[in-house]
1. Quickly work out the Glu214-to-Asp55 label distance, labels modelled 7 Å from Cα along the C-beta direction, and quote it in nm with one decimal.
2. Hey, what angle do you get for helix 185-195 against the long axis of the chain, alpha-carbon based, 0 to 90 degrees rounded to 10?
3. Quick one: helix 200-209 against the long Cα principal axis of the chain, what's the angle to the nearest 10°, folded into 0 to 90?
4. Just tell me which lysines come within less than 18 Å, Cα to Cα, of Lys329; anything on the same chain fewer than 8 places away is out.
5. With the cut-off at 1.5 for a/c, could you classify the chain from its C-alpha gyration tensor as rounded, prolate or oblate?
6. So if each residue of separation counts as 0.36 nm, and I subtract the Cα-Cα distance between Asn165 and Ala113, what length gain in nm does that give?
7. Considering only the range 168-324, what is the antiparallel percent among its DSSP beta bridges, to the nearest 5?
8. Between Ala281 and Asp22, how many nm apart are label points set 7 Å from Cα along the C-beta direction?
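Bear in mind that the values in this text are calculations on the coordinates, not laboratory data. What you see is a predicted model, and the numbers here were worked out from it, not measured in a lab. Here the Cβ is made from the backbone with ideal geometry for all residues, glycine too, and neighbour counts use every protein chain on show.
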Amino acid sequence: MKLAIVLIGYGNVARRFVTLLDESRDAFRARGVEPVIAGVATGRHGRVFEVAGLDTARVDPALAAGDAGEPASVPFLASALDRLRIEADHVFKARVVIETTPLDVRLGQPAIAHVRAAFAGGAHVITANKGPVAIAYRALAAEARAAGVSFLFEGAVMDGVPVFNLVRETLPGCTVTGFRGVVNSTTNFLITAMERGEPFAPALKRMQDAGVAEADPSLDVDGWDAAAKGAALANVLLDADVTPQMVEREGISAETASRAVATLKDGRRLKLVASGQGRGAGARVRVALEDLPADDPLAIVDGQANALEIDTWPMGRLVITQRDGGMEKTAYALVTDLLTVARRLRNGSAE
């Protein structure tokens with residue numbers, strides 16, 4: 001089956017996704033799936049669209065020669081999906097929008113608008129942007145069901161680690177009652193560096209130079225990224241309806257160093273932990289610095305590593321540890337979600 005893909009956002013993750021598509025052709029072919037990139041829209045480098053599909057090796061040159069202006073927009077997306085429907089529905093089994101624009105932690109825009117435009121155009125949605133899940137998950141999930149399409153977001157939390165798939169696919173009948181995790185790579189790296197005596201500013205610059213932390217790192221160090229991930233986890237796993245602004249939040253700074261060193265000397269570890277408890281309207285989420293016993297599964301993760309503990313009934317506590325994060329893993333999450341869409345299409349169900 002051929003799947004027409006429209007990419008909204010074309011940063012590092014989306015670029016790695018495009019190359020990963022080529023590298024994963026055998027895996028797609030074995031499942032009878034042929035992904036075709038029909039359109040790309042970016043915030044700075046223009047847009048390009050071709051009903052017949054773009055050669056993945058020439059997406060960047062095509063963008064350079066394509067339309068400029070205000071590209072990553074709802075009108076472009078609506079037009080692209082409409083043209084695919086009119087001119088190529090007989091060629092493609094389905095249309096899939098992959099949304100990777102930057103996080104807006106307060107409003108979730110323009111990502112939420114892109115998701116809704118995709119639903120309106122009859123397209124399945126895959127996003128690595130945690131904003132739609134953290135801010136409008138309940139409404140968007142209902143809209144996806146009404147439209148008969150998938151809404152998938154495995155790359156929104158812990159890169160490519162199958163957090164949401166774990167519960168959805170392998171724990172049928174299980175109830176998640178809570179979670180806690182070290183889910184922000186930048187802050188975990190900084191705390192580890194400060195434990196070892198490295199000053200805050202040089203450690204942060206190293207993360208920025210590596211492309212892990214943004215030029216404006218406030219989303220990470222002020223705890224907003226962890227709050228958004230905590231809200232996303234609560235909304236999906238705890239049936240909550242919270243936003244990052246509702247999360248009790250703490251961040252880190254250069255002043256955290258003395259506490260991190262003192263905690264380590266005491267035989268414990270300091271970690272920035274996102275946690276959620278309760279279900280539905282009673283769910284509460286917080287992001288806070290916690291002194292953890294040295295043998296706690298969250299305490300043993302160093303550097304850019306992440307870990308998440310999920311409390312379930314009747315399976316008890318389950319722990320997932322990610323030793324190696326990064327954009328390639330997030331790109332892989334987009335691939336796995338794309339294969340999930342294909343599997344659902346084959347089975348005749350959007351869920």
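1. Output for this residue pair reads 3.5 nm.
2. With both axes taken from Cα atoms, the answer is about 20 degrees.
3. Orientation of helix 200-209: about 20 degrees from the principal axis.
4. Here the lysines satisfying the reach criterion relative to Lys329 are Lys130, Lys229.
5. Numbers: a/c = 2.04, a/b = 1.56, b/c = 1.31.
Since a/c reaches 1.5 and a/b is larger than b/c, the shape of the chain is classed as prolate.
6. Working: separation 52, 0.36 × 52 = 18.72 nm, distance 2.47 nm.
Length gained between Asn165 and Ala113: 16.2 nm.
7. On the way: 28 of 30 bridges.
If we restrict to bridges inside the range 168-324, about 95 percent are antiparallel.
8. With each label point 7 Å from Cα toward Cβ, the separation is 5.4 nm.
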